[in-house]
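Working notes, structure below.
Rule-based calculations on the coordinates, nothing more; no lab input. Just so we're clear, the structure is a prediction, and the values are computed from it rather than from any experiment. Here the Cβ positions follow ideal geometry from the backbone for every residue, glycine too, while neighbour counts run over all protein chains shown.
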Amino acid sequence: MSRPLVIGIGNIERGDDGVGRQVARLLKHMLGEKAEILEQDGEAGAILAHIEKAQTAYLVDACMSSAPPGTVHRIDAAEGELPLSSSDLSTHGFGLASAIELARSLGQLPAKTIVFAIEADSFEPGAPLSKDVSDAAVIVADRIRSELEGTG
Amino acid sequence: MARKTIKVDYLARVEGEGAFKVVVRDGAVKQAELRIFEPPRFYEAFLRGRSFMEVPDITARICGICPIAYMMGSTHAIEKVLGIKLDGQLRELRRLIYCGEWIESHVLHAFMLHAPDFLGYDSAIAMARDHGDLVKKALDFKKTGNEIMTTVGGREIHPINVRVGGFYRVPSRRELAPLLDKLKAARDFAVEAVRVVSKFDFPDCERDYEFVALRHPNEYPLNEGRLVSNKGLDIPIEDYDETFEETHVEHSTALHSHIRGRGAYFTGPMARYSLNFDKLTPTAQQAAREAGLGPTCNNPFRSIVIRLVEALYAAEEAIRIIEAYEPPDRPFVEGSVRAGSGCHATEAPRGICYHRYTLDDTGTVTFARIAAPTSQNQPTIENDLTSFVGGWLDLPDKELQHRCEQAIRNYDPCISCSTHFLKLDVDRG
């Protein structure tokens, strides 16, 4: 049985875009070797290469919808297609949702694939995580720990 | 003809933000505009005042798919100022990393963006449900290109190991060796891939282009050569500015390029191929012939085949370089910092990428100019659309839109580089 996979996605140098990676770093302290925990910049090919080998995958990324900053969305990929924006389908913007849907098309989607998307406030270069988003990182890390340890 | 306006708010599978408008009156195309409204990015301005050593890493940020094109153009141009000319294994390593970029860029475009047009899918994700094996192999091929970038360049997107004079660190034979088996598998897949795409249904069309590409006496062009065309152009890169001109048009934030006194030209894989067929490897030439291509090709819809012939070439060239590789004594060559100007052009996946820089006597950039391939191809894209739409006016609106989008994707346009998304607006009057 392979270890569960957690991928924190984003750019730590771009404000709240780094929240996925912050969750990955928190989980490294919480889970140690119990899970394979990676940080990625979000390129679909690399994400696909990692998730195709996993049976359980948690993917954490920042998102922008109309919800308040720090809002946590939990999406179970088994429940249906992820909402793709058309800009996700280009060589330069070939991102997380594309990676998941491509994995699904190729029959390589892990049996359990959960996406946590955290509503961002700002992508200011060089800025730290905003307060609401930083708080949400702690909440998401603890939820993933609980789910993986079966206490959630 | 009934008055009709066709509007598509978002044309996927191209790079960047722009729009396309066709005006049709009395059954004839009056106007075709590729409208790029991506904001200008001001790279040339913020390079001024920077050290020459920062230029490759800054210009690499122009594009996440073709950063090597910008790193190669800038390093070579600055090296001309500093009196540096690379040869031997350092020159070969530069070809190798460029092969990595050609592979990842061409394979991604051919299979993830362009092939769905021909196979009748609206995305690669939908295509993958029915053609999973092909998509998996293509993704592996692309990954091998990325691995070349990572091994030689330090990372796959925006590499950090390229510097003026060579590299910060050169790989060992042991580090390159694992790429060989992957490249050999990639080469075999590339032969199959050329055959597969050659069977697509291509619209009949032959256009009278002026192809412009680099040509080198001994090799298929990547980093060096003279600028040549099929209509008599044969100049050193130093004559670029006096031969080509950039003009501003109201409907685009990217400058349009023309050959002075002559007009639009076409740069990129079709031009390279048509001007350098004799420099391809025998395997690549044979694959092209078996795909029904002659030594030149004027049908832009067949560009997908040519991209994969070039990807095949790049895999073979990478194998050749790695098999003969001996690490050089030093990772870079030092030059003399001095005032002066230098220019250079290399063959980015999408075509000629031209750079000119002026340095002061401390090596600080006082002037920079960069002409990206998509910027150069804009007038030709508009000419193609003007030509094609006239023959497609009997098609239903949806089919006409699709054909226009496909015609634009023939160019693998990188609007982000040229100054990002395309809207399509067909006004039938």
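The translational diffusion coefficient of chain B, from Stokes-Einstein at 25 °C and 0.890 mPa s with a Kirkwood hydrodynamic radius over alpha carbon pairs, comes to 112 µm²/s. Spin-label model, B:GLN31 to B:GLU399: label points 7 Å out along the Cα-to-beta-carbon direction sit 2.8 nm apart.
For the protein assembly as shown, the alpha-carbon coordinates run over 74, 70, 46 Å along the three principal axes, in decreasing order. Taking the Cα centre of segment B:245-373 as reference, the dipole from Cβ charges on Lys and Arg (+1) and Asp and Glu (-1) amounts to some 460 debye. The aspartates and glutamates whose alpha-carbon is closer than 12 Å to the alpha-carbon of B:LYS136, local same-chain residues fewer than 8 away aside, are A:GLU52. Basic side chains Lys and Arg get +1 at the Cβ, acidic Asp and Glu get -1 at the Cβ, and with that the dipole of segment A:5-148 about its Cα centre reaches some 440 debye.
Of the GluC sites (Glu not before Pro) in segment B:238-296, the ones in a loop by DSSP (not H, G, I, E or B) with at most 14 other beta carbons within 10 Å are B:GLU250.
Normalised by the number of residues in segment A:5-148, the average gap of Cα pairs under 8 Å and 6 or more apart makes the relative contact order 36 percent. In this structure, the residue pairs whose Cα-Cα separation is over 29 Å, taken from B:LYS142/B:LYS199; B:LYS80/B:LYS182; B:LYS137/B:LYS279; B:LYS142/B:LYS279; B:LYS80/B:LYS142, are B:LYS80/B:LYS182; B:LYS80/B:LYS142. When the Cα positions of A:THR71, A:GLY42, A:GLN55 are compared along the charge dipole of segment A:5-148, A:GLN55 comes out farthest toward the positive end, with charges on each C-beta of Lys, Arg, Asp and Glu. A straight Cα-to-Cα reach below 16 Å connects A:LYS112 with the lysines A:LYS53, residues fewer than 8 places away in its own chain not being considered. The smallest convex shape that holds all Cα atoms of segment A:5-148, its convex hull, gives 103 Å³ per residue.
Loop-located trypsin sites (Lys or Arg not before Pro) across segment B:100-190 with a Cβ neighbour count of 16 or fewer within 10 Å are B:ARG155, B:ARG169, with loop assigned by DSSP.
Mean Kyte-Doolittle of at least 0.0 and a Cα length of 18 Å or more along the axis: which whole DSSP H helices of chain A meet both?
For chain A, where a helix must reach 18 Å along its axis and average at least 0.0, the hits are A:131-148.
Identify, among B:LEU255, B:ASN299, B:LEU93, the residue whose Cα sits farthest towards the positive end of the charge dipole of chain B, taking +1 on the Cβ of Lys and Arg and -1 on the Cβ of Asp and Glu, with the dipole about the Cα centre. Final value for the positive-end residue is B:LEU93.
Only lysines eight or more places from B:LYS21 in sequence, or on another chain, were considered; those with a Cα closer than 20 Å are B:LYS4, B:LYS7, B:LYS30, B:LYS398, B:LYS423.
Helix-only arithmetic for chain B: the sum of -39500 (n - 2.57) across DSSP H runs with n ≥ 4, divided by the residue total, places the mean residue ellipticity at 222 nm at -13500 deg cm²/dmol. Of the trypsin sites (Lys or Arg not before Pro) in segment B:224-313, the ones in a loop by DSSP (not H, G, I, E or B) with at most 13 other beta carbons within 10 Å are B:LYS231, B:ARG260.
Quick one: plug the Kirkwood hydrodynamic radius of segment B:36-101 (C-alpha pairs) into Stokes-Einstein at 4 °C, 1.567 mPa s, and report D in µm²/s.
The Stokes-Einstein estimate is 99 µm²/s.
Computed about its Cα centre, the charge dipole of the protein assembly as shown is approximately 540 debye, with only Lys, Arg, Asp and Glu carrying charge at their Cβ.
Legend: mean number of C-beta atoms from other chains within 10 angstrom of residue C-beta atoms, peptide B:116-125, equals 3.
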